[in-house]
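Asks: Quick one: this structure, given as structure tokens, is what I'll be asking you about.
The values are calculated or read from the model by the stated rules, or taken from the named source; none is laboratory data. This is a predicted model, so every value here is computed, not measured. Neighbour counts run over all protein chains shown; Cβ positions are idealised from the backbone, glycine included. The protein model used for the area step is the full one, side chains on, heavy atoms only, and it has no ligands, DNA or RNA in it. Shrake-Rupley method; radii C 1.70, N 1.55, O 1.52, S 1.80 Å.
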Amino acid sequence: MSRSLESGIDTLTAFCAEFEAGFRRHDMGTTIFREIRDIADWGKSQLSMLAYRVETIEELGDGASAGFLLLPDDLDDLERARRLAKNVAGVFSTRTKDEQRDQAAEIHAYADDIAALKKDPQAAAAFYASLPPHIRDDLPQIIAATGSSTANEDLTAFSRALGAALAAPTVIPGFAKVRSQLLKPAGRDVAWNRLALLKGSGAPASYRASAARALALDEFVAGPRGDFRAGTVTDVSAYGFPPDTVAMALSLLEGDGAVIRDTFARMGGDDVRLSQTDKMKLFVQYAKGHGYGDRVADSLGRVLADGSEAVDERPGRHSPEAAAFAFDTIAAMGSFGEDLPLTAADSMSAIAKSYAHEMVTGTRIDRALYRSSTIGAPEGWTDVAGVTPSFHLSPGDTYRFLRTFAADERATGDFDAAMATFYHDTMVSAARMDRGQDTGQFETVSKVFGDFGGIEYKAISEVRGEMDAQDELLRDIVKNTFSLGIDKLPVGELAGLGGAVVRERVVNAAWDVAKAYGISTALDGWADSFETRAEKLEAKQLDYVVRHRYDLAGMLYEAGFPASAPPPELISGTTGRLKTYDEIVAEATREAWNGDREKTLRDKLARYERWMDDNPRFDAKMEDSARLGTSTLSRDVIDIWS
């Protein structure tokens, strides 16, 4: 087409020259020839455009196997993207120190145009197809080397443009080469740069996983004793990324559980014979042996939580694939106990929350006491009502996993908040099952959770120390009761808190009190020590033994367990349920503000006790459940297991 146009222009130009001269000789008008020359001049401008377009097509079509090349209709956008790539490459054509400041400003000036490519994936593909490979593979580090204060923002623009191109169908053959090149194993520096470019790209999870394996993880699993550092102090300062390719590669996996599970299954290639659990352990061992290992452990924890579907699936209803991955995770991470780097603690807590059914089942000592951890139920096993585990842990494996986050008070607090709801809902559900033919489900659940509470407390106390563990439990109880100011608020203000808020605090406190009650009778001298520390925190009303009885009575009543209607003064105006011990204490405090508070409280509690005495079945069930909620056996069994 260009050659035909060039030939036509030459013909028009020669025609004009020949006939215009003749017209002049005969004094004839020559306006028509000026118009023909304008056409020829327009043709010349199109020749330049076509030449650049041919160059664009040839460059973007590099690697096409077919004789006929199909590109997007709007070649103007592709040409602009190609020109932008050439301009960016030109900025880095020289990299002397004197020019670095100018380079930083120039790159930032292009950042908006590059960011806009995210909205046009094929133009983004054209940009990367036209960017020289040596620039692309060094991009994060050469941007950081300019000392730019906007390096992170600028790299984000490049990353998101790349992500858009990778997420779209590959139409441009030249970009198909880029897509393939980014997944080829490379030296440490290039690998780090590619991982950094992909980190914030939003590229498809499967592609990011392939890159993570090719650029770091396969090599690591095959030979974990190597040095995987690449990023410089300048790079870390500019982007906040870890300098380690293993940590970078792990961070690329975050988000898609199915892709993570597939990656761990295939990581290392066919020649690696390690089990999935062994692969997980390699990362922890590596993290523990390097000064920057906290970043590795943090990324690993997030990846393991995502692979276990700790957020996206509901406790007690996990898919078989996610459950199998979590089973391996708990075994692998639990083998390190409290020696697991602390940066992974929040992720381990998230897994424990999501697999609360499995945690509680794992500490059961009433069935298959010396069992091993298995996916299927042990022989002779009977599940507890409302507890639906996807696998069955041994008490030892459960205890060791609880220790992985026992040192982090925030992590244990998050876990206990989830356990509180699980405990309450399971107890109420069990009570409903016992309303007709009483099969003792309520008592069984109380015992199972009592065993779990004792073992969880043992894990915390052995990792942090007995006094620290007591203080946390005490603070949790105080936070969920007295932090409401429930003993100081007028009735109107108490109601203003809202039933949902009060109920949440009551549910949380009930679990803390249940643990305190169970532990107090299982550990010699614990109660005296706990009460002494309570006095130091001015929580003298912390009578957890009495509280626990009333919490159990409240759950039975909430479940509709057979009993006569309570006297109106025992029903809370805030929640519509039986008053909690805290509400009764608050009433007694208000009514006896200048009198005998203890006598007023005794009178109120006496009405509660008389009502329960008038309902012997209800009363006996509450008392039996309280007694079953504690045992020294769980402590002794864990001593053997550990």
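Asks: Going toward the positive end of the dipole of the stretch 268-371, with +1 on Lys and Arg Cβ and -1 on Asp and Glu Cβ, which of Met348, Leu369, Met333 do you reach last?
Replies: The residue sitting most towards the positive pole is Leu369.
Asks: Roughly how big is the stretch 72-168's charge dipole about its Cα centre, with Cβ charges of +1 (Lys, Arg) and -1 (Asp, Glu), in debye to the nearest 20?
Replies: In total the dipole reaches around 220 debye.
Asks: Over what distance in Å are the Cα centres of the stretch 545-577 and the stretch 326-380 separated?
Replies: Cα centroid to Cα centroid, the span is 34 Å.
Asks: So, by mean Cβ neighbours within 10 angstrom, what's the order for 155-167, 224-236, 296-308, 597-609 with the highest one leading?
Replies: 296-308, 155-167, 224-236, 597-609
Asks: May I pose another question? Calculate, for the stretch 72-168, the solvent-accessible area per residue in square angstrom, rolling a 1.4 angstrom probe over the heavy atoms of the protein chains.
Replies: Accessible surface, normalised per residue, equals 44 Å².
Asks: Can you sort Thr421, Thr580 by solvent-accessible area, 1.4 Å probe, largest first?
Replies: Accessible-area ranking of Thr421, Thr580, largest first: Thr421, Thr580.
Asks: Rank these by accessible area, largest first, 1.4 Å probe: His108, His392, His134.
Replies: His134, His108, His392
Asks: Highest mean first, what order results for 439-447, 453-461 on Cβ atoms within 10 Å?
Replies: Highest mean packing first, the order is 453-461, 439-447.
Asks: Work out from phi, with θ = phi - 60° and the Karplus expression 6.51 cos²θ - 1.76 cosθ + 1.60, the ³J(HN,Hα) of each residue of the stretch 222-234, listed in order in whole Hz, and give x for Gly and Pro.
Replies: Calculated HN-Hα couplings, in order: 6, x, x, 8, x, 9, 10, 7, 8, x, 8, 4, 4 Hz.
Asks: Step through the table entries Lys447/Lys604; Lys353/Lys458; Lys279/Lys353; Lys119/Lys199; Lys118/Lys199, compare each Cα-Cα distance with 21 Å, and write down the pairs that go over it.
Replies: Long pairs (Cα-Cα over 21 Å): Lys447/Lys604; Lys279/Lys353.
Asks: While we're on this one: With all protein chains present and a 1.4 Å probe, how do Ser93, Ser210, Ser319, Ser349 order by accessible area, largest first?
Replies: Correct descending sequence by accessible area is Ser93, Ser210, Ser319, Ser349.
Asks: Name the residues whose placed amide hydrogens come within less than 5 Å of the amide hydrogen of Thr170, ignoring near sequence neighbours (fewer than 5 apart) on the same chain.
Replies: Counting only residues 5 or more places away or on other chains, the set is empty.
Asks: Here is a further query. Considering the options Leu282, Thr245, Ala258, tell which one lies farthest towards the positive end of the dipole of the stretch 231-304, charges being +1 on Lys and Arg and -1 on Asp and Glu at the Cβ, about the Cα centre.
Replies: Going by the Cα projections, it comes out as Leu282.
Asks: Here is a follow-up. For a quick protection proxy, order the peptides 549-556, 614-621 by their average other-Cβ count within 10 Å, most packed first.
Replies: 549-556, 614-621
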